[in-house]
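Data first, discussion second: the structure below is written as structure tokens.
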Amino acid sequence: MNTERIQRMTGLLQHHLNVIELNIDDDSAKHAGHAGAKDGRGHFKLQIYATEFSGLSTLQRHRLIYEVLEGMMQTDIHALSINASEPH
């Protein structure tokens, strides 16, 4: 597990969004040998609840997350599974 990447992702998301709940799992070990894993970037599973997601479609929520993590998508993240919801 790459805790440094998870900490950076967490910091970016919390800085740019009003995060109510956040969980990031590093699934990189499950993808060892995969073409995207060869360059050192990781596979992550993100579950996030944020007030900004209220009234947004799933696509809009994902786009917002990709905007926040844009720099890391080029250097640290190969695959990102997203579950983004508004708070209950």
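Values in this text are rule-based calculations from the coordinates and carry no lab data. This one's a predicted model, so the numbers in the text were calculated from it and none came from an experiment. Ideal geometry is used to build each Cβ from the backbone, glycine not excepted, and the neighbour counts take in all protein chains shown.
What pairs can you find where one residue is in segment 77-88 and more than 19 Å from GLY42 (Cα to Cα), the other is of a type in the set (Phe, Trp, Tyr), and their Cβ atoms are less than 6 Å apart, with a gap of 6+ or different chains?
Close Cβ pairs (under 6 Å, with a partner that is of a type in the set (Phe, Trp, Tyr)) amount to ALA84/PHE53; SER85/TYR49; GLU86/PHE53; PRO87/TYR49.
Which pairs have Cβ atoms under 9 Å, sit 6 or more apart or on different chains, and link a residue in segment 46-74 that is closer than 16 Å to ARG5 by Cβ and touching a residue at least 40 places away in the same chain (Cβ under 8 Å) to one that is surrounded by fewer than 18 Cβ atoms within 10 Å (Cβ to Cβ) and among the β-branched types (Val, Ile, Thr)?
Filtered contacts from segment 46-74: ILE65/ILE82.
Residues in segment 51-64 that are closer than 14 Å to GLU21 by Cβ, of a type in the set (Val, Ile, Thr) and within 15 Å of the chain's Cα centre (by Cα): how many?
0
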